[in-house]
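Before any comments, here is the structure.
The values are calculated or read from the model by the stated rules, or taken from the named source; none is laboratory data. Please read these numbers as outputs of a predicted model, since none were measured by experiment. No Cβ is skipped: glycine too gets one built from the backbone with ideal geometry, and neighbour counts run over all protein chains shown.
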């Protein structure tokens with residue numbers, strides 16, 4: 001699928017309380033992220049993954065999921081940037097491997 | 001990225017009719033899932049993947065996607081738990097490999 | 001997990017302006033996709049991945065994400081089908097590896 005220019009890249013899905021949206025998108029902007037998509041009005045409960053502790057959502061929270069596709073070298077600075085925030089706020093970041101189309105001209 | 005404590009884990013994306021939300025979250029609770037996030041008000045059509053048969057959505061259905069991150073050993077019991085349900089109801093489960101941040105203290 | 005009939009498959013997440021929904025679902029139908037799920041009312045900004053150029057969303061755009069699970073051989077024709085569209089419209093396609101349950105009878 002050479003013509004399709006599929007590029008390996010990392011997808012981050014950042015789930016947090018919607019009231020912290022500006023904080024999160026500012027952090028992404030400063031990290032050099034060129035764009036993001038936000039899924040609004042999620043509901044949720046508890047914590048994701050292995051850990052509970054203070055990482056709790058209530059049914060009443062209005063959560064958002066910020067979806068970003070970033071080159072691998074941005075994953076670490078972004079996660080480090082979110083570290084202090086997640087020490088005192090609920091949320092989680094999912095990291096996965098995806099491919100994106102480079103969206104170059106397909107016409108020949 | 002040792003400091004980031006990225007942990008491999010499985011993500012389940014469970015798509016079903018919103019009227020069965022309580023059934024699904026109860027099943028997840030009983031399976032030991034510590035939390036989930038729900039994307040509400042999806043629309044959809046047809047079936048996902050290879051199979052049609054009775055796994056049909058209409059454009060009028062109000063679907064939800066329940067997103068959970070679970071350790072690998074929970075995947076099988078959860079899918080088995082949903083088996084009888086999906087024998088008579090529409091829906092699908094996507095399973096994928098992700099990593100989550102353990103959200104430990106980042107300050108040193 | 002043989003009994004679970006987990007089948008490897010490709011997930012496409014197609015993000016574009018909601019006004020082009022019918023174009024996109026028609027293209028998927030013609031490519032042989034049997035179903036899809038749509039997350040409505042996303043917000044977004046900028047472009048995903050490495051590339052900016054004309055792939056821009058404004059904060060005011062109402063985006064949708066169309067989620068489809070397809071056999072690998074459909075990825076290339078679908079991406080080729082979207083090529084001309086993405087030459088003149090904003091959007092991105094994420095491709096990832098997932099597994100789906102075949103949803104066969106679990107009762108023995």
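Exactly one residue among B:27, B:16 is touching a helix residue (DSSP H, G or I) at 6+ places or on another chain (Cβ under 7 Å), surrounded by fewer than 19 Cβ atoms within 10 Å (Cβ to Cβ) and closer than 15 Å to residue B:86 by Cβ, and that residue is B:27.
For region B:80-92, the tally of residues that are within 9 Å of another protein chain (Cβ to nearest Cβ) and assigned to a helix (DSSP H, G or I) stands at 6. Taken together, the residues in region C:11-24 that are over 11 Å from residue C:91 (Cα atoms) and under 10 Å from the mean Cα position of the chain (by Cα) amount to 3.
Looking at A:95, A:67, A:75, which one is in a helix (DSSP H, G or I), crowded, with 18+ Cβ neighbours inside 10 Å and at pLDDT 60 or above?
The match here is A:75.
When you look at residue A:3, is it modelled with pLDDT under 80 and either closer than 30 Å to residue C:87 by Cα or assigned to a strand (DSSP E or B) (or both), yes or no?
Answer is yes for this residue.
Checked against the criteria, residue C:42 does not count as within 21 Å of residue C:63 (Cβ to Cβ), more than 7 Å from every other protein chain (Cβ to nearest Cβ) and buried (at least 18 other Cβ atoms within 10 Å of the Cβ).
Here residue B:34 qualifies as surrounded by 15 or more Cβ atoms within 10 Å (Cβ to Cβ), at the interface with chain A (Cβ under 8 Å from one of its Cβ atoms) and at pLDDT below 85. Comparison of C:50, C:106 shows that the only residue that is modelled with pLDDT under 90, facing another protein chain (nearest Cβ under 7 Å), assigned to a loop (DSSP other than H, G, I, E, B) and farther than 20 Å from residue B:90 by Cα is C:50.
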